[in-house]
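*Asks:* Supplied in structure tokens, the structure appears directly below.
The values are calculated or read from the model by the stated rules, or taken from the named source; none is laboratory data. The structure presented is a predicted model; accordingly, all values stated were derived computationally and were not measured. Glycine also receives a Cβ, built like all others from the backbone with ideal geometry; neighbour counts cover every protein chain displayed.
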There are 2 protein chains.
Amino acid sequence: MKIAVDVMSGESPPKTLIQGALKAVEESDVEVVLVGDETTIYKELEQHSQSYKQISVVHASEIIAMDESPAKACRKKKDASVMVAGALVAKKKTDGFFSPGNTGATLASSLFSIKRIEGVKRPALASILPTVKGYAILLDAGANVDSDPEHLAQFAIMGEIFVKKILEIPEPRVGLLNIGEEDIKGNELSQKAFEIIKTIDFNFIGNIEGHDVFEGDVDVIVCDGFTGNIVLKLSEGLGSVVMRLIKNEMIKNYKYRLGAYMAKSALRSVKERFNPATYGGAPLLGINGCALVGHGNTGELATKNAILTTAKMARAKLDKLIKKSIHLHTLSTG
Amino acid sequence: MKIAVDVMSGESPPKTLIQGALKAVEESDVEVVLVGDETTIYKELEQHSQSYKQISVVHASEIIAMDESPAKACRKKKDASVMVAGALVAKKKTDGFFSPGNTGATLASSLFSIKRIEGVKRPALASILPTVKGYAILLDAGANVDSDPEHLAQFAIMGEIFVKKILEIPEPRVGLLNIGEEDIKGNELSQKAFEIIKTIDFNFIGNIEGHDVFEGDVDVIVCDGFTGNIVLKLSEGLGSVVMRLIKNEMIKNYKYRLGAYMAKSALRSVKERFNPATYGGAPLLGINGCALVGHGNTGELATKNAILTTAKMARAKLDKLIKKSIHLHTLSTG
């Protein structure tokens, strides 16, 4: 199992990313290909006394910055680390890739070189969200801006497979994010999507609402990419917002401050739950291979977990399973 | 200033609602009309030794339950408390009304009897959200399921007036909830809405993203009713979700438990911030009068605040100001 890591992207390349990769090879038999400027990478690797048999390097001379326009940058910078990493998957040189950089560029690299699975109308970004009881995925989290009902049905199919195989939940509960629980509620898109999704052979629990997202009673949350991206970004900021609100209250009184001091690690660990390092990133589902999109501020632990999650996706042959299910669905709906 | 209160709706009618109304008249010169079954209301009023000059009662023989289909129920139950309360505003017998019941029924009652302002294409529900720095409003929070760009522009105008007059922020910052900060980002609806909103003469700060919602750097958050309703319901559940996560962590260790005990009131007050009793409900903007929609679980404090907020809206002649601004906007856009 070989995973390419774009170590030049994100907010602190390549040091923490390389450290995360070294941790991943120490803890598993996954081989990692570090993609980026080779001089910089070898210089960083020299800092580590141990030699790593599972590590190799592929040179890429360019970098796409976090704030560059993805479409334009990907057309112009063919030798950008994120493009080279994607190409390694396309050429079957690695089984998947991970980039913690510009999300749009990672999507563009995947679509451009790895390409979407035949029959998949729109690949989707699946974000792994913390809930009171564990984790759930939300898709599409922003790979697409405008969606139609059939796209949402395909998101549901792809998400269900991911949760079954990677989060290891045997019969994932699939819910459609909507603005009312009754079957006929919602906007035109969600009403039509409901009609298609209810015919699919999995555990569809119907419409769910905003307050259900974090409750942990649904495993696959299906929505269009516009709504999903807003929900995702809202959730990402939340840990920090709530902790600041608590801090504001705490400083009002000495007893509170002492209490907060004693409970500090507990509060920090709640904040950390909203920082989804556990799986290291958001999988892009619906392409002929495995790609994981990280956060700009991916640290060592998140990088390690991202590599292991991508390897798990590759080992499960997630793309093949998706291809099969989408094909069956297309046959059944005509 | 006279406000009608539908005291038969919500989860615990009419006791807490009547108590909230009594608090409101004790603390202000607002007159309150209690709308509902008069026998029940008088029986509850008898529990209070004091007589209240500012309180009167209007009988309504029917009730629309929280789970009834609004459109159907409003057509069938003309004498429902929420319908009678709306009709009092329409007949200018009161300056506004508040109902803590079925949101759809409150909207239907408002649109049916009070009617929308000439020129307003779609009235919008404005939800008042807590932020790290204070409060912001989000609209539309679910009065409409499908919106077009001009609707969003009108939501922006109405919301800006509400924030200026009721939250008393002199130059409200208006932001469009979108999935990228650049001007050209987003789905078709938000891109087109951006083009209209940027021509309006107020402090438009451009696109904002999910993580900006609770940061307190934007005062009026504009979005379609589908997205808005999901954001609203997600936020409503959050206080409870985060507190449960903290509790789960706290029980792991004696020191944490003691810390949590000491900081209990601080934690509770953060939870309370996500329970928007401060303003008592969500105003419906764009109708010829003032209506506030409460939560089903409206308590005494929220009822009092809802009455005072509705009275403030009426005193500011919010509907007249909205009518004028929408008229000017319509002239300028042709």
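*Asks:* Being farther than 16 Å from B:L17 by Cα, in contact with a strand residue (DSSP E or B) (Cβ under 6 Å, 6 or more places away or on another chain) and crowded, with 17+ Cβ neighbours inside 10 Å is the requirement here; does B:D79 meet it? Can you show your working first?
*Replies:* Details: farther than 16 Å from B:L17 by Cα: yes; in contact with a strand residue (DSSP E or B) (Cβ under 6 Å, 6 or more places away or on another chain): yes; crowded, with 17+ Cβ neighbours inside 10 Å: no.
Judged against the criteria, B:D79 is not a match.
*Asks:* Specify which of the listed residues (A:V35, A:V57) is touching an Asp or Glu at 6+ places or on another chain (Cβ under 6 Å) and crowded, with 21+ Cβ neighbours inside 10 Å. Even if it seems obvious, please write down each step before you answer.
*Replies:* On the way: A:V57 fails: crowded, with 21+ Cβ neighbours inside 10 Å.
The unique qualifying residue is A:V35.
*Asks:* Does B:F112 qualify as being surrounded by fewer than 24 Cβ atoms within 10 Å (Cβ to Cβ) and away from every other protein chain (no Cβ under 14 Å)? If you could, list the steps in order and put the result at the bottom.
*Replies:* Details: surrounded by fewer than 24 Cβ atoms within 10 Å (Cβ to Cβ): yes; away from every other protein chain (no Cβ under 14 Å): yes.
The answer is yes for B:F112.
*Asks:* Looking at (1) within 23 Å of the chain's Cα centre (by Cα); (2) surrounded by 17 or more Cβ atoms within 10 Å (Cβ to Cβ); (3) touching a residue at least 40 places away in the same chain (Cβ under 8 Å), find the lone condition where B:N178 falls short.
*Replies:* Checking B:N178 against (1) within 23 Å of the chain's Cα centre (by Cα); (2) surrounded by 17 or more Cβ atoms within 10 Å (Cβ to Cβ); (3) touching a residue at least 40 places away in the same chain (Cβ under 8 Å), the one that fails is (3).
*Asks:* Quick check on my filter: what residues within the range A:181-202 are in contact (Cβ under 8 Å) with a residue 40 or more places away in the chain and away from chain B (no Cβ under 14 Å)?
*Replies:* The answer is A:E195, A:I196, A:I197, A:T199, A:I200, A:F202.
*Asks:* Within the range B:138-149, does at least one residue satisfy the condition of being closer than 26 Å to B:S332 by Cα, outside any loop (DSSP other than H, G, I, E, B) and over 19 Å from the mean Cα position of the chain (by Cα)?
*Replies:* Yes, the range B:138-149 contains a residue that is closer than 26 Å to B:S332 by Cα, outside any loop (DSSP other than H, G, I, E, B) and over 19 Å from the mean Cα position of the chain (by Cα).
*Asks:* Take the residues in the range A:241-259 that are touching a Lys or Arg at 6+ places or on another chain (Cβ under 7 Å) and more than 7 Å from chain B (Cβ to nearest Cβ), then tell me which one is surrounded by the most Cβ atoms within 10 Å (Cβ to Cβ).
*Replies:* Kept after step one, since they are touching a Lys or Arg at 6+ places or on another chain (Cβ under 7 Å), are these residues of the range A:241-259: A:243, A:245, A:250-251.
From what is left, the residues that are more than 7 Å from chain B (Cβ to nearest Cβ) are A:243, A:251.
Working: A:M243: 18, A:I251: 11.
Among them, the one singled out is A:M243.
Let's see how each residue does on (1) buried (at least 22 other Cβ atoms within 10 Å of the Cβ); (2) without any contact (Cβ under 8 Å) to a residue 40 or more places away in the chain; (3) within 13 Å of another protein chain (Cβ to nearest Cβ):
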site: A:K121; (1), (2), (3): no, yes, no
site: A:T131; (1), (2), (3): no, no, yes
site: A:I137; (1), (2), (3): yes, no, no
site: A:G142; (1), (2), (3): yes, no, yes
site: A:P149; (1), (2), (3): no, no, no
site: A:A153; (1), (2), (3): yes, no, no
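*Asks:* If you don't mind, there's one more thing I want to ask. Would you check which residues across the range B:111-153 are β-branched (V, I, T) and farther than 20 Å from B:L321 by Cβ and list them?
*Replies:* The initial filter retains those residues of the range B:111-153 that are β-branched (V, I, T), namely B:114, B:117, B:120, B:128, B:131-132, B:137, B:145.
Hits for the range B:111-153 are B:T131, B:V132, B:V145.
*Asks:* Could you tell me which residue of the range A:183-203 is modelled with the lowest pLDDT, considering only residues that are touching a strand residue (DSSP E or B) at 6+ places or on another chain (Cβ under 9 Å) and within 17 Å of A:G228 (Cβ to Cβ)? Spell out how you get there, then give the answer.
*Replies:* Filtering the range A:183-203 down to residues touching a strand residue (DSSP E or B) at 6+ places or on another chain (Cβ under 9 Å) leaves A:183, A:185-186, A:190, A:193-194, A:197-198, A:200, A:202-203.
From what is left, the residues that are within 17 Å of A:G228 (Cβ to Cβ) are A:186, A:190, A:193-194, A:197.
Numbers: A:G186: 86, A:S190: 93, A:A193: 96, A:F194: 96, A:I197: 97.
Residue satisfying both the conditions and the ranking: A:G186.
*Asks:* Another one. State all residues of the range A:213-231 that are buried (at least 22 other Cβ atoms within 10 Å of the Cβ) and either in contact with a His (Cβ under 9 Å, 6 or more places away or on another chain) or more than 7 Å from chain B (Cβ to nearest Cβ) (or both); if no residue qualifies, say none.
*Replies:* Within the range A:213-231, A:V218, A:D219, A:V220, A:I221, A:V222, A:C223, A:D224, A:G225, A:G228 qualify.
*Asks:* Need pairs with beta-carbon distance below 6 Å; first residue modelled with pLDDT of 95 or more and within the range A:67-93, second assigned to a helix (DSSP H, G or I) and small (G, A, S); sequence gap 6+ or separate chains.
*Replies:* Correct list of pairs: A:V82/A:A105; A:V82/A:S109; A:M83/A:S109; A:G86/A:S109; A:G86/A:S110; A:G86/A:S113; A:A87/A:S113; A:A90/A:S113.
*Asks:* Select from the range A:158-202 the residues that are among the hydrophobic types (A, V, I, L, M, F, W, C), outside any helix (DSSP H, G or I) and over 14 Å from A:V218 (Cα atoms) and list them in ascending order.
*Replies:* Narrowing the range A:158-202 to residues among the hydrophobic types (A, V, I, L, M, F, W, C): A:158, A:161-163, A:166-167, A:169, A:174, A:176-177, A:179, A:184, A:189, A:193-194, A:196-197, A:200, A:202.
Okay, now just the ones that are also outside any helix (DSSP H, G or I), so A:166-167, A:169, A:174, A:176-177, A:179, A:184, A:200, A:202.
Correct list: A:I166, A:I179, A:I184, A:I200.
*Asks:* Among (1) part of a loop (DSSP other than H, G, I, E, B); (2) at pLDDT below 95; (3) farther than 20 Å from B:A87 by Cβ, which single condition is B:L129 missing?
*Replies:* Just one mismatch for B:L129, condition (1).
*Asks:* Can I ask one more? Here is a check on your reading of the model: is B:A291 in the same structural domain as B:T103 (by TED's automatic domain parsing) and part of a helix (DSSP H, G or I)?
*Replies:* Numbers: in the same structural domain as B:T103 (by TED's automatic domain parsing): yes; part of a helix (DSSP H, G or I): no.
So B:A291 fails the test.
*Asks:* Further question on the same structure: Is there a residue in the range A:194-214 that is β-branched (V, I, T), within 14 Å of B:L234 (Cα to Cα) and either in the same structural domain as A:E168 (by TED's automatic domain parsing) or in contact with a Leu (Cβ under 6 Å, 6 or more places away or on another chain) (or both)?
*Replies:* Narrowing the range A:194-214 to residues β-branched (V, I, T): A:196-197, A:199-200, A:205, A:208, A:213.
Next, from what is left, pick out any that are within 14 Å of B:L234 (Cα to Cα): A:208, A:213.
Keeping just the survivors that are either in the same structural domain as A:E168 (by TED's automatic domain parsing) or in contact with a Leu (Cβ under 6 Å, 6 or more places away or on another chain) (or both) gives A:208, A:213.
The answer is yes; a qualifying residue exists.
*Asks:* While we're here: Going through the range A:275-303 one residue at a time, which ones are surrounded by fewer than 24 Cβ atoms within 10 Å (Cβ to Cβ), of a type outside the set (V, I, T) and out of contact with any Pro (no Cβ under 7 Å at 6 or more places or on another chain)?
*Replies:* Selection gives A:N275, A:A277, A:Y279, A:N288, A:N297, A:G299, A:E300, A:L301.
*Asks:* Moving on to the next point. When B:M262 is evaluated against the numbered criteria (1) facing chain A (nearest Cβ under 10 Å); (2) closer than 29 Å to B:D212 by Cα; (3) among the aliphatic types (A, V, I, L, M), which criterion, by number, is the only one it fails?
*Replies:* Checking B:M262 against (1) facing chain A (nearest Cβ under 10 Å); (2) closer than 29 Å to B:D212 by Cα; (3) among the aliphatic types (A, V, I, L, M), the one that fails is (2).
*Asks:* Separate question: Take the residues in the range A:313-331 that are surrounded by fewer than 19 Cβ atoms within 10 Å (Cβ to Cβ) and charged (D, E, K, R); name whichever of them is nearest to A:V33 (Cα to Cα).
*Replies:* Here the residue is A:R315.
*Asks:* Could you run through the range B:21-54 and say how many residues are touching a helix residue (DSSP H, G or I) at 6+ places or on another chain (Cβ under 6 Å) and not in a loop (DSSP other than H, G, I, E, B)?
*Replies:* Of the residues in that region, 7 qualify.
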